[in-house]
1. Could you list the GluC sites (Glu not before Pro) in the range 155-199 that lie in coil according to DSSP, counting only those with at most 11 other Cβ atoms within 10 Å of their Cβ?
2. Shape of the range 97-193 from its Cα gyration tensor (a ≥ b ≥ c, root eigenvalues): rounded if a/c is under 1.5, otherwise prolate when a/b > b/c, or oblate?
3. So in the chain, what percent of DSSP beta bridges are antiparallel if you round to the nearest 5?
4. Using 19 Å as the cut-off for backbone N distance, which residues of the range 76-108 belong to the label zone defined by a point 7 Å from the Cα of ARG243 along Cα→Cβ?
5. Please identify every one of the chymotrypsin sites (Phe, Trp or Tyr not before Pro) in the range 72-122 that sits in a loop by DSSP and has no more than 16 other beta carbons within 10 Å of its own beta carbon.
6. Please determine, in degrees from 0 to 90 and to the nearest 10, the orientation of helix 216-227 with respect to the longest principal axis defined by the Cα atoms of the chain, where the helix direction is its Cα long axis.
7. With 10 angstrom as the radius, rank HIS234, HIS90 by how many other C-beta atoms surround their C-beta, starting from the fewest.
8. Just want the ordering: SER202, SER263, from fewest to most Cβ atoms lying within 10 Å of their own Cβ.
Amino acid sequence: MYLSDQHAALTLLEHSANINSGSLHAEGIARVQALFETEFGKLASSCSKPPLPSQAHYLDDGSLTEIGGSHASLFQIAGNTDLKVLLVGHLDTVFPKGSSFNRCWREGERLRGPGVADMKGGIVSMLWALNRLCADDALPRPDISIVLTPDEEIGSPVSAPLLHSLAQQHDVGFVFEPTMEDGALAGERKGSGNFYAEIRGSSTHAGRDFFNGKNAVLAGAKLAAALSEVSDEHTGTTLNVARIAGGSAMNVVPDSATVFLTSAYRTVRHKRVSPSRSSHSSTH
Ligand SMILES: [Zn+2]
């Protein structure tokens with residue numbers, strides 16, 4: 001498949017988007033990863049599979065699951081200049097296994113579907129551009145590294161150390177997320193992180209022995225209220241108390257709670273790089 005052919009690129013995008021790769025669907029992610037490893041392997045001078053650790057991860061309901069234990073995909077394309085460029089893509093989407101939004105369809109010039117823009121479309125765009133660049137050795141070309149990771153939509157918990165390490169080895173980095181609605185390129189994005197606070201208290205009967213109980217849900221609520229004070233409109237720092245899970249029956253002082261927090265810092269700047277918008281993909 002020669003991806004400078006638009007039809008081939010769209011076919012690859014449709015194929016990849018029709019494979020569910022929700023962040024917790026390891027099998028689907030592996031299939032998408034294998035597909036893109038084949039395509040990037042045709043261009044790259046070297047390919048490697050940096051292992052990713054496994055670790056516990058909180059689900060939305062407060063329960064824990066195991067994530068990671070797989071690998072990232074890392075490709076190198078040798079250049080003819082001193083510049084080192086890192087291109088970053090992610091294989092996962094926000095649509096879980098079993099989601100009803102699981103297939104692509106075309107609407108005129110637009111392709112709609114899960115991950116079509118974010119970011120299987122970004123990865124295919126990357127391939128398209130690299131095909132063009134590599135087709136002509138006379139063109140100045142930086143040393144290019146491409147890294148594809150499986151866990152971006154849940155905050156890159158297992159890929160973050162690898163991304164951090166690669167970033168330090170390169171001069172410039174591009175992340176192939178969709179542009180803003182008006183076509184502007186995000187020149188800078190907020191840093192963000194997901195945090196979980198586990199609170200353990202002491203359970204008693206709320207009617208018979210209330211004052212000997214230690215209420216974990218109440219402690220979690222107080223913690224959330226105190227931490228939320230860090231939000232500052234002037235600096236752009238935010239701390240979102242997304243969820244508090246815990247408690248059981250109405251007559252029980254709850255002995256456990258989990259507080260889910262999302263934090264971001266710094267304001268966002270956008271740079272317009274093109275006055276026109278692509279008409280071949282849509283944001284999903
Ligand atoms: Zn994305």
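Read-outs throughout are calculated quantities, based only on the coordinates presented, and are distinct from any laboratory measurement. These numbers were taken from a predicted model, which means no experiment stands behind them. Methodologically, a virtual Cβ is constructed for each residue, glycine included, from the backbone with ideal geometry; neighbour enumeration extends over all protein chains shown.
1. Details: sites: GLU181, GLU188, GLU198; in loops: GLU181.
When the GluC sites (Glu not before Pro) of the range 155-199 are filtered for loop state and at most 11 Cβ neighbours within 10 Å, GLU181 remain.
2. The shape class here is oblate.
3. Details: 42 of 54 bridges.
Restricted to the chain, the bridges split so that about 80 percent are antiparallel.
4. So the set is 93-101.
5. PHE101
6. So the helix axis and the longest Cα principal axis differ by about 50 degrees.
7. Details: HIS234 6, HIS90 27.
Ascending Cβ contact count within 10 Å gives the list HIS234, HIS90.
8. Exposure proxy ranking, most exposed first: SER202, SER263.
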